[in-house]
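Let me begin by presenting the structure, written as structure tokens, before commenting on it.
The values are calculated or read from the model by the stated rules, or taken from the named source; none is laboratory data. None of the values given here were measured: they were computed from a predicted structure. FYI the Cβ positions are ideal-geometry reconstructions off the backbone, even for glycines, and counts take in every protein chain you see.
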Amino acid sequence: MRPLSDRPKRILVVDDEVDFVDTLMITLEAEGYEVTPAYDGFEALERFRAIKPDLVLLDLMLPRISGVDVCRDIRGSSAVPIIMVTAKSSEVDVVVGLEVGADDYITKPYRIRELQARIRALLRRAEETRTAGMSEEKLAMNGVTLDAERHEVTVDGAQVTMPLKEFELLEILMMNAGKVVTREVLFDRVWGYDYVGDSKTLDVHVKRLRSKVETDPSNPERIVTIRGLGYKFSTA
């Protein structure tokens, strides 16, 4: 593994609870991060463009512009890791956050050590992808072409925008085309061995990936589910 950059990682913390943000900033800064706060959705987008953070911790419920819309806006131009924070525990809120582009989610109240573990895992994976990548060659099969060096994907000749986690999932599946890649391996390779989330994160990312590479996402022919095991990229 190559060493991480010496520059302190920048985290944008977006939450309208001032006391909560103040406490979290103290904790994260003690870990060596540079932390910038934003207290509503509009301010979050302004700060994001100004500081270009390495990770965004984004609350779902925000004044002015919702966390969902902030996430969607960021994803229009950036693959920066995003952890969605919600005070709600319903599956609908979790899925909505992931479907608009969040890499992971955490539900309030949460343990600070759990949050720190997720932040470290996402930052490490993002850094490894930037510095090394998982392959240096183009992968092309079944109408899909993936260029790891350029972070570009084309499907049936049309270029497709793809955030980091979706790109990594597709790359792993294509590198093992025709073989079953278990859920455990996908979590390990994309989120890291110490990932502490649950299976919904992978399921929603696969759903988003299928929406971009399948002609009919409800009847996938490229990314096939192997029940009880994982997924396979079909070469046919």
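Restricting Phe20, Phe42 to those that are surrounded by fewer than 20 Cβ atoms within 10 Å (Cβ to Cβ), without any contact (Cβ under 8 Å) to a residue 24 or more places away in the chain and within 22 Å of Ala117 (Cβ to Cβ) reduces the list to Phe20. Scanning region 7-32 for residues that are in a loop (DSSP other than H, G, I, E, B) and under 23 Å from Ala87 (Cβ atoms) turns up Asp15, Asp16, Glu17. Given the criteria in a helix (DSSP H, G or I) and not acidic (Asp, Glu), does Arg210 qualify? Spelling it out, Arg210 is indeed in a helix (DSSP H, G or I) and not acidic (Asp, Glu). Screening the candidates Asp69, Asp73, Asp22, Asp54 for the property of being more than 28 Å from Phe167 (Cα to Cα) and either of a type outside the set (Val, Ile, Thr) or assigned by TED's automatic domain parsing to the domain that holds Arg113 (or both) yields one hit, Asp22.
Exactly one residue among Glu99, Glu31 is touching a residue at least 40 places away in the same chain (Cβ under 8 Å) and surrounded by fewer than 16 Cβ atoms within 10 Å (Cβ to Cβ), and that residue is Glu31.
Part of a helix (DSSP H, G or I), closer than 30 Å to Tyr110 by Cβ, at pLDDT 90 or above and of a type in the set (Lys, Arg): does that describe Lys165? Full working, then the answer.
Values: part of a helix (DSSP H, G or I): yes; closer than 30 Å to Tyr110 by Cβ: yes; at pLDDT 90 or above: no; of a type in the set (Lys, Arg): yes.
No.
Within region 202-236, take every residue that is aliphatic (A, V, I, L, M) and over 19 Å from Asp104 (Cα atoms) and give me the one that is modelled with the lowest pLDDT. Out of the qualifying residues, it is Ala236.
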